[in-house]
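Here's the structure we're looking at; comments come further down.
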Amino acid sequence: MNAVKVALPKGRLMAETSALLERAGWGVSDYSEGTRSYRLKSQKFPDLQAKIFNEKDIPIQVAVGNYDLGICGLDWVEELAAKYPSSALVKLRELGYGEGAVYAVAARNGEAPAIEAIQSLDRTVRLVSEYPNLAEAFALKLRLKRFSVFPLWGAAEVYPPESADLALMPAKVADAPFNHGLAAISTVMRFNACLVANRQRWQDKDMSEVLESLERAIVEKQEAAPPSSQPSPLEGEGAGGRASTISSQTQGTKTGHAAKDPSTLRLALADGHQQAPTAALLAKAGIKIQDYPSSTGNRRPTPEAIPGLDVKVIRPQDMPMQVAAGNFDLAITGRDWLRDHLYQFPSSPVRELVDLKFARVRIVAVVCNDVPVSDGFELRELWVSRPEPIRIAAEYVNIADKYARDNHLGRYRVIPTWGATEAFLPEDADLLIENTETGRTIARHNLKIIDTLFESTGLLIGNPLSIEDNPAKRETAKLIADTLRRAVEG
């Protein structure tokens, strides 16, 4: 058997994919939650090379030919196909697990609006989603007169109704209708886990042993399953081959922007690992936010003692764009995400207001230990005559792009990632732009830092344009900024 390269998912599909590989007899160890290894070996197929990725990265990695086969959700396959319908990604088979659907959801103020009500709006319809390409295709299919799509890293459920009319988001079918005061008003597409291949490798490379082992494992499970849950083979159709289902409900009336007090200041706070230091600083400043962090996942905590303040919890990566768009007036995020935003949009109105001096990390350039360089200058000299483009993997795509241009790295390609970036070296990238607190994770993966681009800390950011003509907002913003500044300096 020729060496076969396989991209495997972490996260939601990991446990069931591991069970599939076990039934297939691959003899793969260390493929489970909490593993520190990204590279896996198979006892059954010694030449097989398997690597663990964030699920969103897998369709891209297979499409560009870095991997022959991949397992991921059909939702991420269709997200890629919506923008690149002629990509080299081929769907081989649905796998019968990881079932769910992407829904268009809206705020349920009384009754949820019908699709017809959304279609009849004369103003711009605002859509938010981790699936921006599917969101655009959905809006075009509905023939919306005017629409705007805001790409997100997550937490789409918190945006309607104040900051969006519709959110496209995934859920298990049994979980709809949604919590958070939302209702699913349309099913955009159903999905489950699927096996995908690079078209050229599928045609030219002998992968029969690997594919046959998976087929036997799938058939073994489906024989014991009810007929309605059996997965179906796909005849090598292109990634955009399946039509999405657009079904609308009929209840509800016309919808419009949610009524809001124009004097209310909107503040975005971070979810994830930044919650603890943010909450500690707010407490030190005497700014009380009830239920933040929340044990129940509440993304609308209640501010106390500051009238005219509305708080939502969103992803730090999304904050600069949301503040620039006027959906929030203030936000607490990192300097890293503010710079990434400003490198892409130099004329953005978003500004740093207060350096909060927590969540301190370095943004660094990283290569493999065996690359004989110690800084960006030596890297340029090493690769000056390189015929192929330099591959730079990063969550910070705009920071990565600026680093390559500033260091005159010649021909390069930035590969967007959604976490676990250290897994890309050396097979799938030559250089990483990454954040690190101590550098221990980088060293553990046999990598080294060759440059520190800048130091990032938590910041209070704001949009002066959204508050300058509103005295009440301006006063509340000044109160929050001054209070946080005193807490940092005290």
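The values are calculated or read from the model by the stated rules, or taken from the named source; none is laboratory data. It should be emphasised that the depicted structure is a prediction, and the values quoted were computed from it without experimental measurement. Glycine gets a Cβ as well: all are built from the backbone with ideal geometry, and neighbour counts include every protein chain shown.
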Which numbered condition trips up R266, out of (1) of a type in the set (K, R); (2) over 23 Å from H180 (Cα atoms); (3) not in a loop (DSSP other than H, G, I, E, B)? (2)
Just one of L338, L353 is over 20 Å from the mean Cα position of the chain (by Cα) and either in the same structural domain as D310 (by TED's automatic domain parsing) or within 25 Å of E130 (Cα to Cα) (or both); which is it? L353
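Going by the structure shown, is I450 within 30 Å of D401 (Cα to Cα), within 23 Å of the chain's Cα centre (by Cα) and either assigned to a strand (DSSP E or B) or not assigned by TED's automatic domain parsing to the domain that holds N54 (or both)? Walk me through how you get there before you give the answer.
Values: within 30 Å of D401 (Cα to Cα): yes; within 23 Å of the chain's Cα centre (by Cα): no; either assigned to a strand (DSSP E or B) or not assigned by TED's automatic domain parsing to the domain that holds N54 (or both): yes.
When the stated conditions are applied, I450 does not pass them.
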L152 fails exactly one of the following numbered conditions: (1) under 30 Å from R300 (Cα atoms); (2) surrounded by fewer than 23 Cβ atoms within 10 Å (Cβ to Cβ); (3) within 21 Å of the chain's Cα centre (by Cα). What is the number of that condition? (2)
Looking at the range 56-72, can you tell me whether even one residue there is closer than 20 Å to Y31 by Cα, modelled with pLDDT of 95 or more and touching an Asp or Glu at 6+ places or on another chain (Cβ under 6 Å)? yes
Testing H341 on (1) surrounded by fewer than 19 Cβ atoms within 10 Å (Cβ to Cβ); (2) over 29 Å from G65 (Cβ atoms); (3) of a type outside the set (V, I, T); (4) modelled with pLDDT of 95 or more, one condition comes back false. Which one is that? (1)
Do we have L425 as touching a residue at least 24 places away in the same chain (Cβ under 8 Å), outside the structural domain of I60 (by TED's automatic domain parsing) and more than 26 Å from Y67 (Cβ to Cβ) here? no
Kindly establish whether D482 is modelled with pLDDT of 95 or more, in contact with a helix residue (DSSP H, G or I) (Cβ under 6 Å, 6 or more places away or on another chain) and surrounded by fewer than 21 Cβ atoms within 10 Å (Cβ to Cβ). no
For the range 6-114, which fully contained strands (runs of 3 or more DSSP E) count at least 1 residues that are assigned by TED's automatic domain parsing to the domain that holds E212, buried (at least 21 other Cβ atoms within 10 Å of the Cβ) and without any contact (Cβ under 8 Å) to a residue 60 or more places away in the chain? 49-53
Has the range 139-148 got any residue that is out of contact with any Pro (no Cβ under 9 Å at 6 or more places or on another chain) and buried (at least 24 other Cβ atoms within 10 Å of the Cβ)? no
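Has the range 166-180 got any residue that is within 19 Å of the chain's Cα centre (by Cα), under 30 Å from V4 (Cβ atoms) and part of a strand (DSSP E or B)?
Initial filter on the range 166-180 (within 19 Å of the chain's Cα centre (by Cα)): 166-172.
Next cut, under 30 Å from V4 (Cβ atoms) only: 170.
In the following step, the residues that additionally are part of a strand (DSSP E or B) were identified as 170.
Yes, the conditions are met somewhere in the range 166-180.
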Give the range 116-138 a look and list any residue that's farther than 15 Å from P161 by Cα, modelled with pLDDT under 95 and surrounded by 20 or more Cβ atoms within 10 Å (Cβ to Cβ), or say none. none
Which of the numbered conditions does Y403 fail, given that it passes all the others? Conditions: (1) touching a residue at least 60 places away in the same chain (Cβ under 8 Å); (2) in the same structural domain as G376 (by TED's automatic domain parsing); (3) buried (at least 21 other Cβ atoms within 10 Å of the Cβ). (1)
Any chance you could count how many residues in the range 106-151 are touching a helix residue (DSSP H, G or I) at 6+ places or on another chain (Cβ under 9 Å) and among the charged types (D, E, K, R)? 4
Restrict the check to the range 359-366 and report whether at least one residue is touching an Asp or Glu at 6+ places or on another chain (Cβ under 6 Å) and charged (D, E, K, R). yes
Can you find even one residue in the range 367-379 that is out of contact with any helix residue (DSSP H, G or I) (no Cβ under 9 Å at 6 or more places or on another chain), buried (at least 20 other Cβ atoms within 10 Å of the Cβ) and either among the hydroxyl-bearing types (S, T, Y) or in the same structural domain as P426 (by TED's automatic domain parsing) (or both)? yes
